[in-house]
Amino acid sequence: MRGLGVHDHVCWCFDTRAEFRARAAEFLADGLRAGQRVLYIAGGEPGALAAELRQVRGWDDALTSGAAGVASVEGTYTARAVVDPAQQVVTYAQLTEQALAEGFRGLRLAADATSLVRTADQVEAFARYEHLVDSYMASAPLSALCAYDRTELGQARIEQIACMHPIANSGAAAFRVHAGGRPGCAATVSGNVDAASVKLWTHALRWARPRPDSDDRLVLDAAGLEFISHRGLLELAEYARQRGGSVVLHDGPSSAARLTEVLGLSGVRVDPVRRRPRDGLRRAPDSERTR
C-alpha cells in the first residue's frame, strides 16, 4: 500500500487483522515520510493500538511528537451507530485543517470501519459519507485507507462499500462511483455495470446523488467505464429524468453509444471515447483529482 498520494482514497478488503495491520503500516509510514499527520483507527484499547504499528520506523517518536495518533472505534462511535455523513466529513475536514495549521502537509488515516457497516441503515449512511468525503479529498490534503473485514461482512456488503471508492483491491467491486474532480463532471464512474451488478448500481447512484448542471445535464466522467448493460443505462436515464435532466457519459465506451441508439434513449448521450490504462488496484487517473 505504498506510493499513494495526498488525495487518495482507498478501500481495502482484508481477511485477517494481521493483513490489515500490514497494509495500514505501509500506508501510514508513507504518510509520515511525506510530512503528513497520520491516524490509526481500529477496534481495541488505544494503548494496544499504538503497539500494533511499532514496526513502522519512527512510530514511537511520531506518537510522542503528535505526528501520529491512534483512536479506538469503540471509543469514537457508539455500538451499531449510524453515522451522520455530512458531520463526519466536517470532523475530518477540521482534523485536516488542524494538521495543516500545525505544519503538517495534510492528514492520512487508516481505519478498520467494519463495525460501522454491519446493518443496512449503517451501509446506506456510510456509503453516502464515503462519497462526500471523496469529494472533499479531491481538493484537500486528506488521504484514507478504509478497511473492511471480508470474513465478517461477506462479499455482497463489501461490494456496497467498495463501489463508492476510486481505488479498491482487486475483486472488491465490479464498478465504482466516486467524486473524481474532472472539471464539468458531477461524478466519475468506472469498471463494469453488468446484469449482476445493476441493482447495486441503482443504490450507488442514490447514495452518491450526482446532480445535473445548470443546463440540466448529468455529466459523468466515464473514461474508466469499460462496460454498461442496457439495464444500467436505463437506470441511469431514469435517475437523471427524476432529477429533471439528461445524461452525458463523457469518454464513455463505444458499446454504450450503440446501446443508446438501439434503445432509443434520447436522454442519454455518449461523448467520444478516450480510453485510459487501468491497473490491478483499480486506481483513479491522476487527472481525476484536483491537485
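The values are calculated or read from the model by the stated rules, or taken from the named source; none is laboratory data. This is a predicted model, so every value here is computed, not measured. Neighbour counts are summed over all protein chains in view; Cβ atoms, including those assigned to glycine, are modelled from backbone coordinates with ideal geometry.
Restricting attention to the range 206-223, the residues that are in a loop (DSSP other than H, G, I, E, B) and more than 15 Å from the chain's Cα centre (by Cα) add up to 6.
Among the residues here, residue 232 does not qualify as in the same structural domain as residue 185 (by TED's automatic domain parsing), surrounded by 15 or more Cβ atoms within 10 Å (Cβ to Cβ) and modelled with pLDDT under 90.
In the range 117-136, of all residues being touching a residue at least 12 places away in the same chain (Cβ under 8 Å) and over 17 Å from the mean Cα position of the chain (by Cα), the one that is farthest from residue 72 (Cα to Cα) corresponds to 121.
Just to be sure before I move on: is residue 42 in contact (Cβ under 8 Å) with a residue 40 or more places away in the chain, surrounded by 17 or more Cβ atoms within 10 Å (Cβ to Cβ) and under 17 Å from residue 96 (Cα atoms) in the structure I sent? Taking the combined requirement at face value, the residue does not satisfy it. Looking at the range 240-275, which of its residues are in a strand (DSSP E or B) and either crowded, with 20+ Cβ neighbours inside 10 Å or modelled with pLDDT under 90 (or both)? Listed by number, the residues that qualify are 247, 248, 249, 250, 268, 270. Here residue 192 clears all of (1) over 19 Å from residue 269 (Cα atoms); (2) modelled with pLDDT of 95 or more; (3) out of contact with any Leu (no Cβ under 7 Å at 6 or more places or on another chain) except the condition numbered (1).
Selection of the range 182-205 for residues being within 15 Å of the chain's Cα centre (by Cα) and either in the same structural domain as residue 112 (by TED's automatic domain parsing) or among the hydroxyl-bearing types (Ser, Thr, Tyr) (or both) yields 188, 190. Here is a check on your reading of the model: is residue 56 closer than 28 Å to residue 15 by Cα, crowded, with 17+ Cβ neighbours inside 10 Å, without any contact (Cβ under 8 Å) to a residue 60 or more places away in the chain and under 19 Å from the mean Cα position of the chain (by Cα)? Criteria not met by residue 56. Close Cβ contacts (under 6 Å, 6 or more residues apart or on different chains) running from residues in the range 93-116 that are polar (S, T, N, Q) to residues that are buried (at least 22 other Cβ atoms within 10 Å of the Cβ) comprise 96/107; 96/142; 114/148. Highlighted here are the helices (runs of 4 or more DSSP H) found entirely within the range 1-105 that include at least 3 residues which are in the same structural domain as residue 136 (by TED's automatic domain parsing) and farther than 23 Å from residue 165 by Cβ: 46-52, 59-65, 85-101.
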